[in-house]
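The values are calculated or read from the model by the stated rules, or taken from the named source; none is laboratory data. On a predicted model such as this, the values are computed, not experimentally measured, just so you know. With ideal geometry, Cβ positions are generated from the backbone for all residues, glycine too; neighbour counts draw on all protein chains shown. Only protein heavy atoms, including side chains, enter the accessible area calculation; ligands, DNA and RNA are left aside. Shrake-Rupley method; radii C 1.70, N 1.55, O 1.52, S 1.80 Å.
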Amino acid sequence: MQAKAVCRLITLVVLVGLPGHLFAETPIQTLQATLDRLQQALRDPRLGEESRAQQGWDLLLARVDVREMSQRILGSSWAGPVAQQEAFLAAFTAFMHRTFAPKLAQLKEASLRCRAEEIHGARAKVMASVETPDGEIPLTFRLHQQASEWKIYDVALDDGRFSLVSSYRAQLQGILHTASFEDMLRVIRDTNAR
């Protein structure tokens, strides 16, 4: 009897003492859960179209590491003052909202499936697909572990030939080669205001 109690106590100490990340979801589990919640929000009959899109956007944004994405997009230009970084984060997040939130309704009838994952330490790729009546669109989500959560920092299409980070990096670095950081922010803000 006493041996069982000691065993239970040792098991409890070992389990409580283990790092939390050992019990965390894998990248594929995390992403599939987010995509499932996204579809639930988009299909919720109690919400209007705008509310569904906003709730879907909020779910996605919670899974995206906009700071990491921004650092990768701006490269060495990210190293500026913190106020400059925060201004970019605000403008870029608003830009992504303007670009992607209105399109979320198109995913309402689609099937969003995570297919496979590759984990390399604190980085991972999750291969997924969007299945619509018009066909299947393969996607690769790039994630990194932040604390005990997996966060998206890039999405690639066409077997990795196109990625959001690479595309925005090319566009914004092009602006930064001929203009100031403030000019680039103005371009993003002007686009957001349209």
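Descriptive notes on the structure:
- Where the alpha-carbon atoms of the range 19-92 are placed on the principal axes, they occupy 45, 38, 17 Å, in descending order.
- Acute angle (nearest 10 degrees) that the helix 49-63 long axis makes with the longest principal axis of the chain, alpha-carbon atoms: 60 degrees
- Take ARG115: with every protein chain present and a 1.4 Å probe, its accessible area is about 120 Å².
- Bridging of LYS151 to aspartates and glutamates at a Cα separation below 20 Å is possible for GLU25, ASP36, ASP58, ASP65, GLU68, GLU86, GLU117, GLU118, once same-chain residues fewer than 8 apart are set aside.
- Rounded to the nearest 10 degrees, the angle from helix 164-178 to the longest Cα principal axis of the chain is 40 degrees.
- Over 13 Å [Cα-Cα, the range 72-119], rounded percent: 71 percent
- Each label point was placed 7 Å from the Cα along the Cα-to-Cβ direction; for ALA90 and THR191 their separation is 1.9 nm.
- Between GLU25 and ARG46, full extension at 0.36 nm per residue minus the direct alpha carbon distance yields a gain of 4.6 nm.
- C-alpha long axis of helix 82-100 to longest principal axis of the chain, angle in °: 90 degrees
- Placing +1 on each Lys and Arg Cβ and -1 on each Asp and Glu Cβ, with no other charges, gives the chain a dipole about its Cα centre of roughly 380 debye.
- Kirkwood Rh in Å, taken over the chain so that all alpha-carbon pairs contribute: 19.0 Å
- Accessible area per residue in Å² at 1.4 Å probe, computed on the range 69-194: 54 Å²
- By accessible area, using a 1.4 Å probe on protein heavy atoms only, the chain has 57% of its surface on carbon and sulfur.
- Length gained on full extension, GLN171 to HIS120: 15.4 nm, using 0.36 nm per residue less the C-alpha separation.
- Taking all protein chains together, ARG52, ARG46 sort by accessible area into ARG46, ARG52, largest first [probe 1.4 Å].
- Where ARG98, ARG113 fall by accessible area, highest first, once all protein chains stay in place (1.4 Å): ARG113, ARG98
- Take the Cα of ARG161, step 7 Å toward its Cβ, do the same at GLU149, and the gap between the two points is 3.5 nm.
- Hydrodynamic radius of the range 101-180 per Kirkwood, over alpha carbon pairs, in Å: 14.5 Å
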